[in-house]
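The values are calculated or read from the model by the stated rules, or taken from the named source; none is laboratory data. In this text, all values refer to a predicted model and were calculated from it rather than measured experimentally. For neighbour counting, all protein chains shown are included, and Cβ atoms are generated from backbone atoms with ideal geometry for every residue, glycine included.
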Amino acid sequence: MVGTSARADAPPVTHVPQGRLATVVTTKGELFAIALPRRRAGLVWRLASRLDPQVLRERAEADAGRQVVVIYEAVGSGVAALSYGLTRGERQKAVEGRQFLVVVL
């Protein structure tokens, strides 16, 4: 989850609307960031896809003005799809979605 504190046992996000798709191309060992627009109180961005730890690892997240920024490290070659859902608290259904296709060379 991004934007507020989350419980480790929060239910997974299962219904994410199709949102904007961005493609990131990077190389092994590099850090990169994605920015998600901050929304009104009570809505939080949550990762709705599983990370392949052989390709990507999340390193940090922070609120930065009007954006929520998540920093990843590219740890191995491959392709990873990141899907974020904007949910009301820890609900499973997202009201908005963002998708990122990450290619690590």
(message) I'd like to check something: does segment 20-38 contain any residue that is part of a loop (DSSP other than H, G, I, E, B) and of a type in the set (A, V, I, L, M)?
(response) no
(message) Pull out all pairs, ordered by first then second residue, where Cβ-Cβ is under 7 Å, the residues are six or more apart or on different chains, the first lies in segment 26-39 and is farther than 14 Å from VAL70 by Cα, and the second is modelled with pLDDT of 95 or more and of a type in the set (S, T, N, Q).
(response) LYS28/SER77
(message) So PRO11 passes all but one of these: (1) touching a residue at least 40 places away in the same chain (Cβ under 8 Å); (2) in contact with a strand residue (DSSP E or B) (Cβ under 9 Å, 6 or more places away or on another chain); (3) loosely packed, with under 12 Cβ neighbours inside 10 Å; (4) more than 19 Å from LEU101 (Cβ to Cβ). Which condition number does it fail?
(response) (2)
(message) With the requirement that a residue be among the charged types (D, E, K, R), more than 20 Å from VAL16 (Cβ to Cβ) and touching a residue at least 40 places away in the same chain (Cβ under 8 Å), what does segment 51-104 give you?
(response) ASP63, GLU73
(message) Condition check: surrounded by fewer than 12 Cβ atoms within 10 Å (Cβ to Cβ) and in contact (Cβ under 8 Å) with a residue 60 or more places away in the chain. Does THR23 satisfy that?
(response) yes
